[in-house]
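Note sheet for the following structure.
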Amino acid sequence: MRILHSGEKVDHNDQRYQTSGRFARTIYSLMVLAVIGYALYFFGRPYLVLEGPGVVTAPVRDVSVPFVADVRLVHVRPGQRVYPGALLVTLNRAGRGEALRDIDAAIADRAQDIDAVRRELMVARRMEPTLRRRMEELRDALARTDRTPGAVDLLTRAGLQREYSDARARLEENRAQRRNLPDLLAQLMEDRSRLQIRRAEVATQWQNRRVLARQSGTIGAGVISEGDSIIPGEVMVRLLDQDRRYVRWELPQTLLRLPRLGEDVVIEAANVRVPGQVDRILTLSDSVANDSADRGRVVHVELDAADAERLALESSVTVRMGYF
């Protein structure tokens, strides 16, 4: 290799070639480093940044009724704030006509039973003196035969004894009827009163039945529609606790690690960025039971009360946890 000394002529073409070669090697090295950096970021991202979609939610109270009904009017809409006693839904309970007919039939049966028991009680009270007198007569006849044993034969005395036993049994039966029939009559009359009260409830409350809120909160999405028919236990309205908001963060199962309790996260929504903290990590079975869209893991993120007010209930957010 020839070394140039001062004063010798320099080949400017060789100098340009050397400069362009260094530039090309620099560009190539930067490209290789960029590819390596991207690969490290792509494969290392699960370790460095945990993120996923979330929904701002709150403890839910489902409002339902234990009977079949038709929805007549819906008085609330999603996002509306309600307070205890607020009117939520007006219903017409199904089967009102059949229920009234069944109750009317039961009331008629009780009325017949009451009349029958009253007649039995009246007859028992009227028969009591006659039965008592008959028993006393037979008892006196038996007493006379005891004083004069030869007056009647044994067969006649046996007949008198049998008649006396029958008269005494009928008197005891009469006494039992007079003792028990008043209680039975009172029970039947009480049953009829309950049926009449029940009929009044069905007649007045099964039509235009009002469903009221028992606590304050915000109406969630998925409110029942007017004209729908509902079955027992079907959710008509979801009432969200306004004062206890949190974020339900969904993470896929492919993540290399899960967040830890107490770790800080960032919740991002439209023009809003607030901090949060991992409060609870649901088990896989609980995540599936909570209808996670991707059947992944569900994490509950706790919010500060002031920050929670900045996020609308049931709004979609992005939850991110990372170190850059």
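The values are calculated or read from the model by the stated rules, or taken from the named source; none is laboratory data. Every value quoted in this text rests on a predicted model; they were computed, and no experiment measured them. Because the Cβ atoms are built from the backbone with ideal geometry, glycine has one as well, and the counts that use them run over all protein chains shown. Surface areas here come from the heavy atoms of the whole protein model, side chains and all, with no ligands, DNA or RNA. Shrake-Rupley method; radii C 1.70, N 1.55, O 1.52, S 1.80 Å.
Output the residues belonging to segment 67-89 that are among the small types (Gly, Ala, Ser) and within 16 Å of VAL235 (Cβ to Cβ).
Quick first cut of segment 67-89, residues among the small types (Gly, Ala, Ser) only: 69, 79, 85-86.
Scanning segment 67-89 gives a single hit, ALA69.
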Fill in the blank from the handout: Going through segment 280-309 in order, the residues found to be at pLDDT 80 or above and either open to solvent by 80 Å² or more (accessible area, probe 1.4 Å) or aromatic (Phe, Trp, Tyr) (or both) are ARG280, GLU302, ASP304
Exercise for the section: Kindly check whether there is at least one residue in segment 147-168 that is open to solvent by less than 70 Å² (accessible area, probe 1.4 Å), touching a helix residue (DSSP H, G or I) at 6+ places or on another chain (Cβ under 6 Å), in a helix (DSSP H, G or I) and under 30 Å from MET122 (Cβ atoms). Expected result: yes
Practice task
Could you check how many residues of segment 180-217 are out of contact with any Pro (no Cβ under 7 Å at 6 or more places or on another chain), farther than 30 Å from ARG118 by Cβ and open to solvent by 70 Å² or more (accessible area, probe 1.4 Å)?
Solution key: 7
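So that you can scan it fast, the table gives a plain yes or no per residue for (1) over 15 Å from VAL211 (Cα atoms); (2) free of Cβ contacts under 8 Å to residues at least 24 places away in the same chain:
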| position | (1), (2) |
| --- | --- |
| VAL65 | no, no |
| HIS75 | no, yes |
| PRO78 | yes, no |
| PRO84 | no, no |
| LEU88 | no, no |
| GLY97 | yes, yes |
| ARG101 | yes, yes |
| ASP104 | yes, no |
Exercise for the section: Count, please, the residues in segment 110-146 that happen to be of a type in the set (Ser, Thr, Tyr) and either open to solvent by 90 Å² or more (accessible area, probe 1.4 Å) or touching a Lys or Arg at 6+ places or on another chain (Cβ under 7 Å) (or both). Expected result: 1
Problem - Residue under evaluation LEU256, criteria (1) among the aliphatic types (A, V, I, L, M); (2) in contact with a Phe, Trp or Tyr (Cβ under 9 Å, 6 or more places away or on another chain); (3) crowded, with 17+ Cβ neighbours inside 10 Å; (4) at pLDDT below 85, criterion not met - result: (3)
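Within segment 119-130, does at least one residue satisfy the condition of being free of Cβ contacts under 8 Å to residues at least 60 places away in the same chain, out of contact with any strand residue (DSSP E or B) (no Cβ under 9 Å at 6 or more places or on another chain) and not in a helix (DSSP H, G or I)? Can you show your working first?
From segment 119-130, those free of Cβ contacts under 8 Å to residues at least 60 places away in the same chain are 119, 122-130; that's our starting set.
Keeping just the survivors that are out of contact with any strand residue (DSSP E or B) (no Cβ under 9 Å at 6 or more places or on another chain) gives 119, 122-130.
Now drop any that are not not in a helix (DSSP H, G or I), which leaves none.
No: segment 119-130 contains no residue that is free of Cβ contacts under 8 Å to residues at least 60 places away in the same chain, out of contact with any strand residue (DSSP E or B) (no Cβ under 9 Å at 6 or more places or on another chain) and not in a helix (DSSP H, G or I).
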Fill in the blank from the handout: Given the conditions (1) open to solvent by 80 Å² or more (accessible area, probe 1.4 Å); (2) out of contact with any strand residue (DSSP E or B) (no Cβ under 9 Å at 6 or more places or on another chain), every one holds for ARG77 apart from (2)
Handout entry: Number of positions in segment 218-250 that are basic (Lys, Arg) and either closer than 23 Å to VAL68 by Cβ or open to solvent by 70 Å² or more (accessible area, probe 1.4 Å) (or both)
Key = 2
Practice task
Kindly establish whether GLU51 is at pLDDT below 80, surrounded by 10 or more Cβ atoms within 10 Å (Cβ to Cβ) and acidic (Asp, Glu).
Solution key: yes
